[in-house]
Structures are given as C-alpha cells and as structure tokens.
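Everything below concerns the one structure shown next.
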Amino acid sequence: MVIDNQVLEAIDLEEVFLVGPFKFKNRYERRRYLILQKKTRHVWPYAVMASTRLTELNDRLNKIESKSKRKKYTKIVQKYIENEFTEELKKLTKTEGQILVKLMYRQTGATTFEIVKDLKSGWRAFWYNTTASLFNISLKEEYHPESVEEDFLIEHILRRNFQKRRLKEQKPSIEIDFLKAVEKWQ
C-alpha cells in the first residue's frame, strides 16, 4: 500500500469477535443460563470427540473399496465406541442428551438421525429416534442460534468459554451468523 509516496506493508488479520457477558433480565434467566452452561460444558467434549471420530471413520471408509469390508469395519468401530462410551452416555440427563444432539449437528452438519441412518440403516435410526423420544429427545434436532433462543444461549456459552480457554475450540461444520443471533436475542 502506498500513502504519501511511502510504501507501507499490510497484514491481513483474521476477524476477532469478542463475546461479552450475557445480560439477564431477572434471576430466573440467570439461573437458567448457568444451568445450561454447566450442561453444555459437560457434553462439549463428547461432541468434539464424536465429530472427530466420525470424520476419521468417513475418511477410512472412503479408502475401503468393498461394500462388505466397509460394513465390517463400521461394525468393529461401532462395537469399540459402544464399549468405550455407552456407560458414560447413559449418565447424561435428558437435557444434556438434547444439547449433545444439537452440538453433534453443529460439529458435523448432519443430524444424529442422519448419521445413524448412514452408518447403520433407516430402520435402526427410526428405532433409536423412537427410543430417544421416550426421553423427550429428538435425534432429528438441528442447531440454529439465529432462530432458536436456546441454541443462541448454547452458542454464547461456547464462544465465551472458547474465549476464556475453558473449552477447546473446534470450528462448526455449519455456517453460524453469530452477529445476527446477538442482534435478535440480546
């Protein structure tokens, strides 16, 4: 860049969005936010791990040419994941389960229902979703901070915790217009 016959070098920097503390209208809202924050922090590592494992699984499956070998490999990975995490996931509350489903969508760009359908079958996905619905959880739930207040609160919690380095940041797989969400919900 040249200004007044002087050559100045310019460096392009990545845009930084600082997330300030949430402003509450009353004690009830503050309490609700703090509970949601605790639950979001609790399930975030599971969402990150699941999206990482799913990416690795898909990369490996793309390298396997035979459909039967892909199916066999998927079963081996599924058995490992079930043995490793089933007990921990059973301990989640209903709310934590629904937050995890939303965060899975945030991190993978697909609903949990779609993931199960792709890896297992539509029939299995149907029954998993039916079972989850007994606990008021929908595996078809998506994540939209711009239009759903609870999703905005979750996104606000995540960004505040990334900023304070309380949670390890992982970029979402979906497009999130956080400024639009802030304008709508604050």
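Just one of the listed residues (Glu56, Glu29, Glu84, Glu65) is outside any helix (DSSP H, G or I), more than 14 Å from the chain's Cα centre (by Cα) and among the acidic types (Asp, Glu), namely Glu65. Name the residues in region 158-186 that are in a helix (DSSP H, G or I), touching a helix residue (DSSP H, G or I) at 6+ places or on another chain (Cβ under 8 Å), under 22 Å from Leu100 (Cβ atoms) and basic (Lys, Arg), would you? Across region 158-186, the qualifying residue is only Arg159. Residues in region 12-31 that are among the charged types (D, E, K, R), loosely packed, with under 11 Cβ neighbours inside 10 Å and free of Cβ contacts under 8 Å to residues at least 60 places away in the same chain: 5 in all. The set of residues in region 98-118 that are out of contact with any helix residue (DSSP H, G or I) (no Cβ under 6 Å at 6 or more places or on another chain) and either farther than 17 Å from Val48 by Cβ or modelled with pLDDT under 90 (or both) comprises Gln98, Glu114, Ile115, Asp118.
Taken over region 50-82, residues that are surrounded by 12 or more Cβ atoms within 10 Å (Cβ to Cβ) and within 21 Å of Lys94 (Cβ to Cβ) amount to 1. Whether any residue in region 34-44 is over 21 Å from Asn136 (Cβ atoms), at pLDDT 90 or above and open to solvent by 60 Å² or more (accessible area, probe 1.4 Å) is what I want to check. For region 34-44, residues over 21 Å from Asn136 (Cβ atoms), at pLDDT 90 or above and open to solvent by 60 Å² or more (accessible area, probe 1.4 Å): present.
Take the conditions (1) open to solvent by 70 Å² or more (accessible area, probe 1.4 Å); (2) modelled with pLDDT under 90; Ser133 misses just one of them, which is (1).
Being part of a helix (DSSP H, G or I), in contact (Cβ under 8 Å) with a residue 12 or more places away in the chain and either closer than 23 Å to Arg124 by Cβ or not aliphatic (A, V, I, L, M) (or both): is that true of Ser51 here?
Yes: the conditions hold for Ser51.
Of the residues making up region 120-141, just one is aliphatic (A, V, I, L, M), assigned to a helix (DSSP H, G or I) and more than 25 Å from Ile176 (Cβ to Cβ), namely Ala125.
None of Lys168, Lys94, Lys184 is basic (Lys, Arg), open to solvent by 40 Å² or more (accessible area, probe 1.4 Å) and without any contact (Cβ under 8 Å) to a residue 40 or more places away in the chain except Lys184. Checking each residue in region 142-157 for being assigned to a helix (DSSP H, G or I), under 26 Å from Lys91 (Cβ atoms) and open to solvent by 20 Å² or more (accessible area, probe 1.4 Å) picks out only Glu150.
The values are calculated or read from the model by the stated rules, or taken from the named source; none is laboratory data. Not measured: the values here are computed from a predicted model. We place every Cβ from the backbone using ideal geometry, glycine too, and count neighbours over all the protein chains shown. The area values use the complete protein model at the heavy-atom level, side chains included, leaving out ligands, DNA and RNA. Shrake-Rupley method; radii C 1.70, N 1.55, O 1.52, S 1.80 Å.
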